[in-house]
Amino acid sequence: MGPRPPAPLPGRPCSIARALDLIGEKWALLAIREISFGNHRFNEIARNTGAPRDRLAARLRSLVEAGIVEQRAYQSSPLRSGYHLTQAGRDLTPVLRALVTWGDRWVSEEPPATLMHGDHELSLGWICRECGTEASPESVSVRPNAPGWDIHGPDPAS
(Lines give C-alpha, C1' and ligand atoms only; values in the text may rest on other atoms or scores of the structure.)
Protein backbone atom coordinates (compact mmCIF):
# COMPACT_ATOMS: atom_id res chain seq x y z
CA MET A 1 0.00 0.00 0.00
CA GLY A 2 1.45 3.37 -1.00
CA PRO A 3 0.69 6.83 0.30
CA ARG A 4 -2.96 7.88 0.20
CA PRO A 5 -4.22 9.92 -2.77
CA PRO A 6 -3.69 13.64 -2.27
CA ALA A 7 -6.57 15.63 -0.81
CA PRO A 8 -7.46 18.98 -2.38
CA LEU A 9 -5.57 21.73 -0.56
CA PRO A 10 -6.04 25.50 -0.74
CA GLY A 11 -3.38 27.77 -2.17
CA ARG A 12 -0.48 27.03 -4.49
CA PRO A 13 -0.19 23.44 -5.76
CA CYS A 14 2.81 22.32 -3.74
CA SER A 15 4.49 19.08 -2.69
CA ILE A 16 5.55 20.68 0.61
CA ALA A 17 1.90 21.38 1.48
CA ARG A 18 0.92 17.82 0.53
CA ALA A 19 3.75 16.33 2.58
CA LEU A 20 2.93 18.49 5.60
CA ASP A 21 -0.69 17.40 5.33
CA LEU A 22 0.53 13.85 6.04
CA ILE A 23 3.56 14.30 8.32
CA GLY A 24 3.61 17.93 9.43
CA GLU A 25 2.26 17.42 12.93
CA LYS A 26 4.90 17.26 15.70
CA TRP A 27 3.93 13.82 17.04
CA ALA A 28 3.92 12.30 13.55
CA LEU A 29 7.50 13.39 12.83
CA LEU A 30 8.71 12.38 16.28
CA ALA A 31 7.09 8.94 15.88
CA ILE A 32 8.85 8.57 12.51
CA ARG A 33 12.11 9.57 14.23
CA GLU A 34 11.70 6.89 16.88
CA ILE A 35 10.77 4.18 14.39
CA SER A 36 13.79 5.13 12.26
CA PHE A 37 15.95 4.71 15.42
CA GLY A 38 14.65 1.12 15.73
CA ASN A 39 12.02 1.72 18.42
CA HIS A 40 9.06 -0.22 17.06
CA ARG A 41 6.80 -0.78 20.07
CA PHE A 42 4.10 1.70 21.01
CA ASN A 43 5.39 2.05 24.59
CA GLU A 44 8.91 2.85 23.35
CA ILE A 45 7.60 5.43 20.89
CA ALA A 46 5.35 7.00 23.55
CA ARG A 47 8.15 7.16 26.14
CA ASN A 48 10.72 8.63 23.74
CA THR A 49 8.45 11.21 22.13
CA GLY A 50 6.61 12.32 25.26
CA ALA A 51 3.40 12.28 23.22
CA PRO A 52 0.05 11.83 24.93
CA ARG A 53 -0.89 8.20 24.27
CA ASP A 54 -4.22 9.00 22.60
CA ARG A 55 -2.63 11.56 20.25
CA LEU A 56 0.22 9.19 19.43
CA ALA A 57 -2.22 6.37 18.66
CA ALA A 58 -4.12 8.68 16.31
CA ARG A 59 -0.91 9.82 14.57
CA LEU A 60 0.32 6.25 14.13
CA ARG A 61 -3.07 5.26 12.67
CA SER A 62 -2.89 8.13 10.17
CA LEU A 63 0.71 7.22 9.24
CA VAL A 64 -0.38 3.61 8.64
CA GLU A 65 -3.36 4.79 6.54
CA ALA A 66 -1.04 7.05 4.53
CA GLY A 67 1.33 4.14 3.76
CA ILE A 68 4.27 5.71 5.65
CA VAL A 69 4.28 3.20 8.51
CA GLU A 70 3.16 -0.42 8.62
CA GLN A 71 2.34 -2.69 11.51
CA ARG A 72 4.04 -6.09 11.83
CA ALA A 73 3.11 -8.71 14.38
CA TYR A 74 5.89 -9.61 16.80
CA GLN A 75 3.77 -11.70 19.19
CA SER A 76 0.78 -13.93 18.48
CA SER A 77 -0.77 -14.56 21.90
CA PRO A 78 -1.89 -11.96 22.71
CA LEU A 79 -1.47 -10.35 19.31
CA ARG A 80 0.99 -7.46 19.48
CA SER A 81 2.34 -5.46 16.57
CA GLY A 82 5.28 -3.14 16.11
CA TYR A 83 5.55 -0.15 13.81
CA HIS A 84 7.98 -0.13 10.88
CA LEU A 85 8.71 2.39 8.16
CA THR A 86 7.61 1.55 4.63
CA GLN A 87 9.72 2.72 1.70
CA ALA A 88 7.78 6.00 1.81
CA GLY A 89 8.70 6.31 5.50
CA ARG A 90 12.35 5.43 4.92
CA ASP A 91 12.46 8.11 2.22
CA LEU A 92 11.76 10.65 4.99
CA THR A 93 15.13 10.05 6.68
CA PRO A 94 16.85 12.86 4.72
CA VAL A 95 14.10 15.20 5.99
CA LEU A 96 14.84 14.13 9.57
CA ARG A 97 18.58 14.60 8.98
CA ALA A 98 17.98 18.09 7.59
CA LEU A 99 15.87 18.98 10.65
CA VAL A 100 18.61 17.69 12.97
CA THR A 101 21.24 19.75 11.15
CA TRP A 102 19.09 22.88 11.22
CA GLY A 103 18.10 22.34 14.86
CA ASP A 104 21.71 21.78 15.93
CA ARG A 105 22.73 25.04 14.26
CA TRP A 106 19.82 27.30 15.13
CA VAL A 107 17.97 26.07 18.24
CA SER A 108 20.25 23.82 20.33
CA GLU A 109 23.09 25.18 22.43
CA GLU A 110 24.68 21.73 22.47
CA PRO A 111 23.58 19.07 19.95
CA PRO A 112 21.86 16.28 21.92
CA ALA A 113 23.05 13.64 19.43
CA THR A 114 25.48 13.35 16.53
CA LEU A 115 24.68 11.73 13.21
CA MET A 116 27.44 9.26 12.38
CA HIS A 117 28.47 7.79 9.03
CA GLY A 118 30.49 4.72 9.92
CA ASP A 119 33.29 5.94 12.20
CA HIS A 120 32.96 9.67 11.48
CA GLU A 121 30.41 12.46 11.86
CA LEU A 122 28.03 12.75 8.92
CA SER A 123 28.54 15.88 6.82
CA LEU A 124 25.43 16.66 4.82
CA GLY A 125 25.25 18.42 1.50
CA TRP A 126 23.30 18.32 -1.74
CA ILE A 127 25.16 16.95 -4.72
CA CYS A 128 23.37 17.16 -8.06
CA ARG A 129 23.34 13.69 -9.62
CA GLU A 130 23.06 15.22 -13.09
CA CYS A 131 26.23 17.35 -13.01
CA GLY A 132 28.04 16.15 -9.86
CA THR A 133 28.40 19.61 -8.26
CA GLU A 134 27.20 20.78 -4.87
CA ALA A 135 23.86 22.57 -5.01
CA SER A 136 23.78 25.67 -2.79
CA PRO A 137 20.52 27.46 -1.98
CA GLU A 138 21.63 30.26 -4.32
CA SER A 139 22.12 27.86 -7.25
CA VAL A 140 18.68 26.22 -7.01
CA SER A 141 15.61 27.79 -8.61
CA VAL A 142 11.96 26.82 -8.95
CA ARG A 143 10.14 26.08 -12.21
CA PRO A 144 6.37 26.03 -11.58
CA ASN A 145 4.68 23.12 -13.37
CA ALA A 146 1.11 23.60 -12.10
CA PRO A 147 -1.17 25.06 -14.77
CA GLY A 148 -2.22 28.63 -14.02
CA TRP A 149 0.61 29.34 -11.57
CA ASP A 150 3.91 31.19 -11.81
CA ILE A 151 6.58 31.76 -9.15
CA HIS A 152 4.65 34.70 -7.66
CA GLY A 153 1.24 33.00 -7.47
CA PRO A 154 -1.76 32.56 -9.75
CA ASP A 155 -0.80 33.62 -13.28
CA PRO A 156 -3.26 36.30 -14.43
CA ALA A 157 -2.35 35.56 -18.07
CA SER A 158 -3.84 32.04 -17.76
- prompt: Which residue pairs have Cβ atoms closer than 6 Å, lie 6 or more positions apart in sequence or on different chains, and pair a first residue in the range 92-118 that is at negative phi with a second residue that is part of a helix (DSSP H, G or I) and surrounded by 12 or more Cβ atoms within 10 Å (Cβ to Cβ)?
  reply: Leu92/Ile32; Thr93/Ser36; Leu96/Arg33; Pro111/Asp104
query: Is it true that some residue in the range 97-106 is among the polar types (S, T, N, Q), surrounded by 11 or more Cβ atoms within 10 Å (Cβ to Cβ) and over 27 Å from Phe42 (Cβ atoms)?
result: yes
task: Output the number of the condition that Pro144 fails; it satisfies all remaining conditions of (1) surrounded by 10 or more Cβ atoms within 10 Å (Cβ to Cβ); (2) under 26 Å from Leu29 (Cβ atoms); (3) at pLDDT below 95.
output: (2)
task: May I ask you to list pairs of residues, at least six apart or on different chains, whose Cβ atoms are under 8 Å apart, with the first in the range 19-44 being more than 14 Å from Asp91 (Cβ to Cβ) and the second being in a loop (DSSP other than H, G, I, E, B) and modelled with pLDDT under 95?
output: Asp21/Pro6; Asp21/Ala7; Asp21/Leu9
Boolean, Asp155 is without any contact (Cβ under 8 Å) to a residue 12 or more places away in the chain, surrounded by 10 or more Cβ atoms within 10 Å (Cβ to Cβ), within 27 Å of Lys26 (Cα to Cα) and not hydrophobic (A, V, I, L, M, F, W, C): no
- prompt: Which members of the range 24-49 meet the condition of being touching a strand residue (DSSP E or B) at 6+ places or on another chain (Cβ under 8 Å), surrounded by 20 or more Cβ atoms within 10 Å (Cβ to Cβ) and farther than 17 Å from Arg97 by Cβ?
  reply: Ile45
message: Given the options Pro94, Pro78, name the one that is closer than 28 Å to His117 by Cβ and at pLDDT below 95.
response: Pro94
message: Being touching a Cys at 6+ places or on another chain (Cβ under 6 Å), within 26 Å of Ser36 (Cβ to Cβ) and not acidic (Asp, Glu) is true for just one of Ala113, Ala88, Ala135, Ala98. Which residue is that?
response: Ala135
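The values are calculated or read from the model by the stated rules, or taken from the named source; none is laboratory data. What you are looking at is a predicted structure, and each value in this text was computed from that prediction instead of being measured. When we count neighbours, we look across all protein chains shown, and the Cβ atoms used for this are built from the backbone with ideal geometry, even at glycine.
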